[in-house]
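Asker: My questions all concern the structure below.
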Amino acid sequence: MPTETQKETWLTLARQQTSQTGYAIQIPQTVVIADRNPTVQRACVVVARPDTPEWTIIGCTRISTGTIGRKHHYITPVGIFTNTADRLGYRAQGTKNENGIMGNGTKGMRVWDFGWRVAEKGWLPSREQGPIRLEMHATDPVFLERQLGHMASAGCIRIPAALNIYIDRNGLLDAEYERKAATDRRFQALLRTDRTPSILAGTAVIVVDSAPPPQQVTTAQNQSPNLVSAKLPNSPIH
């Protein structure tokens, strides 16, 4: 289990992001906090509340963010990324690439699209920046899901299938999509027919980095913390 100190660090960093960006938490809502720290690589589902630091972590699990040292692999940017009705996400087709990998997971897995973002090129020592299409999605259940917990993606946020389904079925990031679906059949067609939209639905994924500044890095920080993913309620995450 994450320690109380680790949990408080994630919440503090996420609240700092809302303050710095001006993203307003006006009503209680669900957010996803993703820590890109190479030694952590965890995401938490959190209930954020306005005008109070008392945010509640529902559960945490392993993820993979952008890696370094591989060409065309970007470092996942820090910031607040929202699932707005300005963009229509999609669902995985379940097709395999030339290596037999289902990059977005099995057919029907949700892909949340956060639009074009600027990110550091992880394969360049200069960390030159460039545009990436930032998404959050599942991954290949046979070859890649077992590797979650380590940096591996080309810049997107990879999550377990169980978390993908949990967020999708409860509409935890679909507050704007639900409103849009009332008048736009495209959004209605994307949302699950068996969903039960949460009254706490929000829109935001908050990417943070709990790693210390480079000048403070010591041998201890190069060791992976012993974290065990917390189970989400009514979810098969483990």
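Asker: Over the Cα atoms of segment 58-147, what radius of gyration and what Dmax do you get, in Å?
Answerer: Radius of gyration, then largest Cα-Cα span, for segment 58-147: 14.2, 38 Å.
Asker: Same structure again: Provide the packing ranking of 75-84, 3-12, i.e. peptides ordered by the mean count of other C-beta atoms within 10 Å per residue, highest first.
Answerer: Put in order of decreasing packing, that is 75-84, 3-12.
Asker: Would you list Leu163, Leu88 from fewest to most Cβ contacts within 10 Å?
Answerer: Going from least to most buried by this count: Leu88, Leu163.
Asker: Evaluate 2.2 N^0.38 Å with N set to the residue count of the chain, then give the Cα radius of gyration divided by it. Mind dumping the intermediate values first?
Answerer: On the way: Rg = 17.1 Å, N = 238, 2.2 N^0.38 = 17.6 Å.
For the chain, the normalised Cα radius of gyration is 0.97.
Asker: Sticking with this structure for a sec: I want to verify a result. In a Gaussian network model of the chain, Cα cutoff 10 Å, which of these has the top mean-square fluctuation: Thr139, Thr193, Thr67?
Answerer: Per the Cα network of the chain with a 10 Å cutoff, Thr193 tops the list.
Asker: Arranged by the count of other C-beta atoms within 10 angstrom, fewest first, what order do Arg192, Arg36 take?
Answerer: Arg192, Arg36
Asker: Also: For Lys121, go through the lysines and keep the ones whose alpha-carbon is under 28 Å away, minus same-chain ones fewer than eight residues off.
Answerer: Lys71, Lys96
Asker: Could you let me know the centre-to-centre spacing of segment 24-76 and segment 90-143, using Cα atoms, in angstrom?
Answerer: Using only Cα atoms to place each centre, the spacing works out to 17 Å.
Asker: Here is a further query. Ignoring everything except DSSP H segments at least 4 long, calculate the 222 nm mean residue ellipticity for the chain; use -39,500 (n - 2.57) per segment, divide by total residues, nearest 500.
Answerer: -5000 deg cm²/dmol
Asker: So how do Lys107, Lys121 line up by other beta-carbon neighbours within 10 Å, fewest first?
Answerer: Least crowded to most crowded, the residues run Lys107, Lys121.
Asker: Next question. Please list, in order along segment 66-72, the HN-Hα scalar couplings obtained from phi with the Karplus expression 6.51 cos²θ - 1.76 cosθ + 1.60 (θ = phi - 60°), rounded to whole Hz, x for Gly and Pro.
Answerer: Here the 3J(HN,Hα) series is x, 9, 10, x, 10, 4, 6 Hz.
Asker: Same structure, new question: Along the charge dipole of the chain, Cβ charges K/R +1 and D/E -1, which of Trp55, Ala201, Ile165 sits furthest on the positive end?
Answerer: Ile165
Asker: Given H placed on each backbone N at 1.01 Å, which residues far from Ala152 in sequence or on other chains put an amide H within less than 5 Å of it?
Answerer: Thr65, Thr67
Throughout, read-outs are computed from the coordinates displayed, never taken from laboratory work. The structure displayed is predicted, hence computed values, not measured ones. A quick note on method: Cβ atoms are made from the backbone with ideal geometry, for glycine too, and the neighbour counts reach across all protein chains shown.
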